[in-house]
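In what follows, a single structure is set out as structure tokens and then discussed.
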Amino acid sequence: MLRKKEDEKYFKIAVTGVAILLIGMVCFFLFYRIRGFGAFFHDLCDTYMGRYPVVSISLKGVDADSYEKARAQLIRIINKEARRHRALLEDEKMDAIDRELFVQFLDRQMEDDTITSSLQELTELLEIHFFQKVVVLIDEYDVPLAKAYENGYYDDMVLLLRNMFGNVLKSNDSLAFAVLTGCLRIAKESIFTG
């Protein structure tokens, strides 16, 4: 069972190859190895499933030979997740500004600032709707980075993902916790720094 320590701002726990960073009162899980944590993951699901609104994306499909194509694929992923939550458009708790913001997540011509703030702002809207902090699941966070490295647009992709992940994971008051899966180890110069 995971426990939060209120008296320590930052601390690390290692569990069967799983790095868990508990930051303040927000849990941030980074699974960099998938083997050997089946029981842990099962307990995690039993504890949290059905109790929080969820934003869930997989970046496995961000596989392109140019930054522009990869960016377009990322926008489609954001569009898809926004469509899954389209009931927010009918929510009486949403004002005109909130609805206008949500419509931006459905736009295929999304600006970079909308991309980088999309998940964070979607968690805010879900918290308003459900009166509950939000769980963010990001599967294969590292695929766009590996493909960008292979195809020569790594710096652009790192900047985009660093800003997007920073917004949704770091100072997001609507976040209960996040789970990221991927195979790349965290390096000194990582998308999670800054």
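The values are calculated or read from the model by the stated rules, or taken from the named source; none is laboratory data. From a predicted model like this one, the values you see are computed outputs, not experimental measurements. In this analysis, Cβ positions are derived from the backbone assuming ideal geometry, glycine residues included, and neighbour counts consider all displayed protein chains. These accessible areas exclude ligands, DNA and RNA; they are computed on the full protein's heavy atoms, side chains included. Shrake-Rupley method; radii C 1.70, N 1.55, O 1.52, S 1.80 Å.
At a glance:
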{"item": "In the range 89-112, the residues that are in a helix (DSSP H, G or I) and under 25 Å from ARG71 (Cα atoms)", "result": "ASP98, ARG99, GLU100, LEU101, PHE102, VAL103, GLN104, ASP112"}
{"item": "Residues of the range 148-166 satisfying the condition of being over 17 Å from LEU119 (Cβ atoms) and open to solvent by 50 Å² or more (accessible area, probe 1.4 Å)", "result": "TYR149, GLU150, ASN151, GLY152, TYR154, ASP155, ASP156"}
{"item": "Pairs, first more than 28 Å from LYS133 (Cβ to Cβ) and among the aromatic types (Phe, Trp, Tyr) in the range 154-171, second open to solvent by less than 80 Å² (accessible area, probe 1.4 Å) and in a helix (DSSP H, G or I), C-beta under 6 Å, six or more apart", "result": "TYR154/ALA148"}
{"item": "Condition check for GLU127: in a helix (DSSP H, G or I) and more than 11 Å from the chain's Cα centre (by Cα)", "result": "yes"}
{"item": "Candidate set from the range 105-131 (those that are of a type in the set (S, T, N, Q) and at pLDDT 95 or above); member that is farthest from SER56 (Cα to Cα)", "result": "THR114"}
{"item": "Tally, over the range 44-95, of residues that are of a type in the set (S, T, N, Q), over 24 Å from HIS129 (Cα atoms) and under 20 Å from the mean Cα position of the chain (by Cα)", "result": "1"}
{"item": "Lone qualifier among THR123, THR181 - being buried (at least 21 other Cβ atoms within 10 Å of the Cβ), of a type outside the set (A, V, I, L, M) and touching a strand residue (DSSP E or B) at 6+ places or on another chain (Cβ under 8 Å)", "result": "THR123"}
{"item": "Residue list for the range 57-88, restricted to those being modelled with pLDDT under 95, farther than 23 Å from GLU100 by Cβ and not in a loop (DSSP other than H, G, I, E, B)", "result": "SER58"}
{"item": "Whichever residue in the range 133-145 is in contact with a helix residue (DSSP H, G or I) (Cβ under 9 Å, 6 or more places away or on another chain) and outside any loop (DSSP other than H, G, I, E, B) and, among such residues, is surrounded by the fewest Cβ atoms within 10 Å (Cβ to Cβ)", "result": "LEU145"}
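Residue by residue, here is whether (1) surrounded by fewer than 19 Cβ atoms within 10 Å (Cβ to Cβ); (2) among the β-branched types (Val, Ile, Thr) holds:
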residue: ARG99; (1), (2): yes, no
residue: PHE105; (1), (2): no, no
residue: ARG108; (1), (2): yes, no
residue: SER118; (1), (2): no, no
residue: ILE128; (1), (2): yes, yes
residue: PHE131; (1), (2): yes, no
